[in-house]
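The values are calculated or read from the model by the stated rules, or taken from the named source; none is laboratory data. Remember, predicted model here, so these are calculated numbers, not experimental data. All Cβ positions, even for glycine, are placed from backbone atoms using ideal geometry, and neighbour counts span all protein chains on display. Calculation scope for accessible area: heavy atoms of the full protein, side chains included, ligands and nucleic acids excluded. Shrake-Rupley method; radii C 1.70, N 1.55, O 1.52, S 1.80 Å.
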Amino acid sequence: MSLLNGARRALAGLVLLAATACTSGPSLENQGEVTAPPGDSKELTIGSAGFTESDLLAQMYALLLERAGYSTDIISVTNREIYEPALESGQIDVVPEYAATFADWLNAKANGADAAPVGSPDLATTMKALRALAAPRGLTVLDPGRAVDQNAFAVAASYAKKHDLKTLSDLGRANLPVRLAAGDECVQRPYCAPGLEKTYGIDIVAVDPKGVGTTQAKQAVQNGQDQMVLTTTTDATLDAFGLVLLADDKKLQNADYVVPVVNRARAGSDGVRDALGRLNTVLTTADLASMNEQVDSWRRLPEDVARTYLESKKLIPKG
């Protein structure tokens, strides 16, 4: 993957993406039944959503596809409202996504912002809904693996030990007043404060609007100002703050498993499916957390971290 060619391709792609976002035309969701055979372009553009984990996944996808004989470039586009139409049009061929989040996003795009969510804690149900929404748009959702990046809740390790807490159910049974460090939207989101109260019986006495998994939010729990923080399952910094996750034992959170989404007409082949599918039995949530830490805390390059990981799992040769 040439860095120079990649930079040129990225610059050209960004121009095309801007044009896509500003032009009107027939809605892509009305493509009708897909009957043409899936495409197998040997030159593929991989999209990253611009944050560390997405960059790592895009780099791993590129390395696996190159190993399978494809030429790849990576383009970083942080806005889903821009990169998803580009995926439909074939300006981007492959994107790492999250099953439940992407299902709900496509559902809102097709049926309006007030449409009932289709993502759920059940992976099979979520994937069925996601694939049904993606197919009319010319998109194919490949199989998910083991890695999942969900919302998660952490408490101080000392607090967990004192009250014998391992799960969110344990916290509910403890009848403790809980100040929750999270985003301000947590007050209304069903997976956050309302869900914790309804599903687990946790007494959320206040939401401290310090953001999702921010340093300030974790420090507030570390120093006892708050008792719990909303973060994610791939947050690799919890140990540094003396925090531990409480298991979501009643599955409040949706099934946000990592899934590759491809443009069917260009990258829907068995070759692409098989190349990316090699991650499925290997990549875990803990692996993603570790790689995120290497980039964010150790300041390693995503490409180097991705390559080292794939080499360690014998998915690509060393070199």
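Across region 260-274, which residue is nearest to L44 (Cα to Cα) among those that are of a type in the set (A, V, I, L, M) and buried (at least 22 other Cβ atoms within 10 Å of the Cβ)? Step by step, filter region 260-274, then rank; the result is A267. Residues that are under 19 Å from K218 (Cα atoms) and surrounded by fewer than 19 Cβ atoms within 10 Å (Cβ to Cβ) within region 192-207 comprise V205, A206, listed in sequence order. I need a count of the residues in region 52-81 that are touching a residue at least 12 places away in the same chain (Cβ under 8 Å) and either of a type in the set (S, T, Y) or in a loop (DSSP other than H, G, I, E, B) (or both). Summing the residues that are touching a residue at least 12 places away in the same chain (Cβ under 8 Å) and either of a type in the set (S, T, Y) or in a loop (DSSP other than H, G, I, E, B) (or both) in region 52-81 gives 11.
So, in region 283-319, of the ones that are exposed (fewer than 13 other Cβ atoms within 10 Å of the Cβ), charged (D, E, K, R) and outside any helix (DSSP H, G or I), which residue ends up nearest to the chain's Cα centre (by Cα)? Of everything passing the filter in region 283-319, R299 is nearest to the chain's Cα centre (by Cα). Would you confirm, using the coordinates I've provided, whether N280 is among the polar types (S, T, N, Q) and assigned to a loop (DSSP other than H, G, I, E, B)? Judged against the criteria, N280 is a match. Residues of region 108-125 that are in a helix (DSSP H, G or I) and under 20 Å from L252 (Cα atoms): L123, A124, T125. Return a yes/no flag: does region 233-256 have any residue that is closer than 30 Å to D40 by Cβ and either crowded, with 20+ Cβ neighbours inside 10 Å or modelled with pLDDT of 95 or more (or both). Yes, that holds for at least one residue.
Checked against (1) over 19 Å from K251 (Cα atoms); (2) part of a helix (DSSP H, G or I); (3) at pLDDT 95 or above, I92 passes all but condition (2). Hey, can you tell me all the residues within region 250-286 that are farther than 30 Å from C186 by Cβ, among the hydrophobic types (A, V, I, L, M, F, W, C) and touching a strand residue (DSSP E or B) at 6+ places or on another chain (Cβ under 7 Å)? Scanning region 250-286 gives V262, A267, V272, L276. Pairing each residue of region 178-207 that is under 23 Å from T101 (Cβ atoms) with any residue that is of a type in the set (S, T, Y) and open to solvent by less than 80 Å² (accessible area, probe 1.4 Å), provided the two are 6+ apart or on different chains, yields C-beta distances under 8 Å for Y200/S169.
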